[in-house]
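The values are calculated or read from the model by the stated rules, or taken from the named source; none is laboratory data. Since the model is a prediction, treat every value here as computed from it, not as a measurement. When we count neighbours, we look across all protein chains shown, and the Cβ atoms used for this are built from the backbone with ideal geometry, even at glycine.
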Amino acid sequence: MLETPVKQRELEKVNQLLESHQSLLDAYQKLEIIVLGLFDAERMSIFQRRRQNQDLVARFKTGSETREIKVPISPQSIAGYVALAQLPLMIKDPYNAEELRQVHQRLRFEGKFDKSSDFTTRNILCVPILNSGVLLGVLQVINKRKGDFSDDDLQIAQDLTQIIGNKFRYELGGTQQPFQYLVHSNLLKEADLNQITESSKDNRQLIQRLISELRINEEHIGHALSIHYQVPYIPFNPDKYHLYQSDSRLNSSYLKRNLVAVISDASDNPTVLMAEPNNAALLMEIESALGIESYEISVGLPNAILQYLGASGAGNGAPGAMDDILDEIGTSAEEADDSSDEMSDDAPAVVRLVSRILHDAKRINASDIHIDPEKNGPTRVRMRVDGVCRDMNQVPASHHSAVIARIKIMSNLNIAEKRVPQDGKIAVKMSGQLVEVRVATIPTVGGEGVVMRILASGGALPLEKMNLSSRNTGMLKDMISKPHGILLVVGPTGSGKTTTLHAVLGDLNTPDKKIWTAEDPVEITQAGLQQVQVNPKIGFTFANALRAFLRADPDIILIGEMRDKETAHAGIEASLTGHLVLSTLHTNSAPETITRLLDLGLDPVNFSDACVGILAQRLIRTICPKCKEKHPASEDDIAFIRRQYGEAYIDEINIQNLELYRGKGCEECGDTGYKGRTGVHELLAMTPDLRSLVYKEASVSEMKKQAMKDGMRTLTQDGILKVLKGDTDIAQLQIISGAD
């Protein structure tokens, strides 16, 4: 081993070398010779931490190979573990799995680099490059020629990394203090920063004072912290990020005390958000408790982290923060005695929890809330947004029954009956607006499950906003201008049928027409309509409502749904006696609807005479307008469009030099590329030729062929028009059409 004076001389030589070069890259070749001499070793690498990624990159390394080596900051590699723990490591034999396991359960050695060359790694010295407590990179020295690396080697390596960290702090992208960038950017005077730093007890108070006293923007403070800590900055953005759901037992109070939130985006990629991401010991604790192999690390402002954890919002009329409520529930569950009764459904925490779930669903514009019990685990709370379910929270299993009972009480259901499904409604005021929620309870092997549908509230959309094609708009307006007949809107649950029917009624709603509607429930209200809520429990069915309307001098009747033969018969009779009848049915396509109604026992002649048209529809996710971008259509895209639109009709659309649209992903859409939904439609008009096929009770394929000859375009064809228009993309169209 080198004597101390010799070591000092060599380290001084390193210092002089670095001082005489502008960048580490310039100095690297000469630095490598000195370092390998210092350790009498064969190879060295300097891994740099990438600020926008949770990994290390060795851009400068020994040997003829010039490709980058990327290593995640995690216990799954030696350099990654050293970066995560911010502790040095000496490995005598990297191929000894037991030696690695003693350091960390998941520590591995990537032997693939050895396998791709003739080089064999025998031993490793790996030391973090730190400056001001912030990780900048990792120095790795490989293969000491004689024996193993010693404690003296470790001391030399630590002195060496200190010199590298001090000299190249700015080159590696950092600043000496957390808020130095603000001074560098002329957003703050150094004297003001020093004064406010000295008189603040901690960083949290300092940040609050920077915002309130010195009027520094939160984004600028976040950017300064990002540069200092070498990790991305994430502000409070509940539309993009939500708390990550895992099996870990990370206590909420522990997270709040340490200012850490584990969040995830729409794709459920976890991120550990920290006020001080250089706290390696805390990060190791979090990593161990989470038990996940891949995650990002980011910096956030303390108040934003507490907002993610739900520490704000209570006391202003809101039901309180979700994580506060769950923490309170968790504490009460831990403190509960084995002999104690189950948590009461009117316990304050349970009342606030149910209220918080409803408020969160309304805030993120969810259409449905699913409360799903697990047989041997916590209850999952999921919400459907733009047709896609996403995990939101977990409720301890001990409180499942209390939560279900609370929902049942709110919706006037029988809390003692747990063996059969029940249906009910909740009316709740949120943000000054009355919102109706339809509730369905279903017994499962894990306990009672609940699905709550948040009903659309407000007025009808104009027909022009329904995104119908110009052909369909013209045909539909022609159909509803007829004085009598029946128009059906069909599709699965949640496909927007009620919205479409009310848009049609909005177009028909004039002072000279009397319009009656029977709905279950009444979701959309319009002035000028007489709207009735049916109640099957007391015998007031759609069929009964329809008969009552016929005695009330109607011009137009809307029947919420043709659920049975009786309602269908009554609807046909009403249309044949001089009324325009609108209704819905759960079928997949317009031609299939005809055979479904004939199967119910309707007379083919009566039905074909009464029917003016059938509109089938689906909802499809639309591209986010904020991050929408054009791209040339690929050969596969064009082949798909030709195949699905049909060669017989392809001349209707222009696919020359075709450009399509896609969503890049942004904060507005939670990096999904999609925001909102629109309808795709299939409108069948009852023509004389089609009527004759209905008389004969022809097959669905024959009726579809005739309808297309008469001008109908299928759901997939209409979807292609929406793709060409830039409303959506082929991937979404494939989901609804099942085509490839």
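Annotation note: Cβ proximity below 8 Å between a residue of the stretch 442-470 that is at pLDDT 90 or above and a residue that is outside any loop (DSSP other than H, G, I, E, B) and of a type in the set (Phe, Trp, Tyr) (sequence gap 6+ or interchain) occurs for no pair. If you check SER469, SER495, SER481 for being over 31 Å from the mean Cα position of the chain (by Cα) and either on the phi < 0 side of the Ramachandran plot or surrounded by fewer than 19 Cβ atoms within 10 Å (Cβ to Cβ) (or both), only one passes: SER481.
Say we look at the stretch 573-588 and pick out the residues that are touching a strand residue (DSSP E or B) at 6+ places or on another chain (Cβ under 8 Å) and in a loop (DSSP other than H, G, I, E, B); which of these is nearest to ARG547 (Cα to Cα)? So that I can check it myself, show each step before the final result.
From the stretch 573-588, those touching a strand residue (DSSP E or B) at 6+ places or on another chain (Cβ under 8 Å) are 574-575, 579-588; that's our starting set.
Narrowing the set further to residues that are in a loop (DSSP other than H, G, I, E, B) leaves 579, 586-588.
On the way: HIS579: 12, HIS586: 22, THR587: 25, ASN588: 28 Å.
It comes out as HIS579.
Counting only helices (runs of 4 or more DSSP H) wholly contained in the stretch 669-733, the ones carrying 1 or more residues that are basic (Lys, Arg) and within 33 Å of the chain's Cα centre (by Cα) occupy 715-725.
Go through the stretch 616-660 and report how many residues are crowded, with 17+ Cβ neighbours inside 10 Å and assigned to a strand (DSSP E or B).
Qualifying residue count for the region: 10.
When the stretch 139-155 is examined, which residues are found to be assigned to a strand (DSSP E or B) and closer than 16 Å to LEU87 by Cα? Across the stretch 139-155, the qualifying residues are LEU139, GLN140, VAL141.
The rows are residues; the columns are (1) of a type in the set (A, V, I, L, M); (2) over 21 Å from the mean Cα position of the chain (by Cα); (3) modelled with pLDDT under 85.
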| residue | (1), (2), (3) |
| --- | --- |
| GLN208 | no, yes, yes |
| PRO235 | no, no, no |
| GLN245 | no, no, yes |
| LEU290 | yes, no, yes |
| SER294 | no, no, yes |
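Selection of the stretch 533-546 for residues being surrounded by 14 or more Cβ atoms within 10 Å (Cβ to Cβ), more than 10 Å from TRP516 (Cα to Cα) and not polar (S, T, N, Q) yields VAL534, PHE540, PHE542, ALA543. Of all the listed residues (GLU519, GLU417), the sole one being surrounded by 14 or more Cβ atoms within 10 Å (Cβ to Cβ), more than 30 Å from ILE720 (Cα to Cα) and of a type in the set (D, E, K, R) is GLU519. Taking the stretch 594-611 as the search range and keeping residues that are surrounded by 21 or more Cβ atoms within 10 Å (Cβ to Cβ) and under 42 Å from the mean Cα position of the chain (by Cα), which one is nearest to LYS704 (Cα to Cα)? Per the criteria, the residue is ILE594. Selection of the stretch 207-222 for residues being within 30 Å of GLN48 (Cα to Cα) and crowded, with 16+ Cβ neighbours inside 10 Å yields ILE207, GLU218, HIS220, ILE221, GLY222. There is at least one residue in the stretch 387-399 that is more than 26 Å from ARG677 (Cβ to Cβ), in contact with a Ser or Thr (Cβ under 7 Å, 6 or more places away or on another chain), at pLDDT below 90 and assigned to a helix (DSSP H, G or I). The one condition from (1) outside any loop (DSSP other than H, G, I, E, B); (2) touching a His at 6+ places or on another chain (Cβ under 9 Å); (3) surrounded by 20 or more Cβ atoms within 10 Å (Cβ to Cβ) that ALA460 does not meet is (1).
Conditions tested, residue by residue: (1) of a type in the set (Gly, Ala, Ser); (2) assigned to a loop (DSSP other than H, G, I, E, B); (3) crowded, with 22+ Cβ neighbours inside 10 Å.
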residue	(1), (2), (3)
TYR81	no, no, yes
MET90	no, no, no
ASP93	no, yes, no
GLU98	no, no, no
ARG101	no, no, no
GLN105	no, yes, no
PHE109	no, yes, no
THR120	no, yes, no
GLY137	yes, no, yes
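I need the strands (runs of 3 or more DSSP E) fully contained in the stretch 471-572, keeping only those with at least 2 residues that are without any contact (Cβ under 8 Å) to a residue 12 or more places away in the chain. Explain how you work it out, then say what you get.
On the way: elements: 485-490, 515-519, 529-533, 556-559.
It comes to none.
Going through (1) touching a helix residue (DSSP H, G or I) at 6+ places or on another chain (Cβ under 7 Å); (2) over 30 Å from GLU561 (Cβ atoms) one by one, ILE620 falls short only on (2). The residue that is surrounded by the fewest Cβ atoms within 10 Å (Cβ to Cβ), among those in the stretch 356-369 that are in a helix (DSSP H, G or I) and out of contact with any Gly (no Cβ under 8 Å at 6 or more places or on another chain), is ARG363. Among the residues of the stretch 551-565, those identified as surrounded by fewer than 16 Cβ atoms within 10 Å (Cβ to Cβ) and either on the phi < 0 side of the Ramachandran plot or touching a strand residue (DSSP E or B) at 6+ places or on another chain (Cβ under 6 Å) (or both) are ARG551, ALA552, ASP564, LYS565. Just one residue in the set ILE614, ILE655, ILE594, ILE623 is over 30 Å from ALA568 (Cβ atoms) and at pLDDT 90 or above; that residue is ILE623. If you filter the stretch 1-36 down to residues that are assigned to a helix (DSSP H, G or I) and within 19 Å of ASP151 (Cβ to Cβ), you find that the one that is modelled with the lowest pLDDT is THR4.
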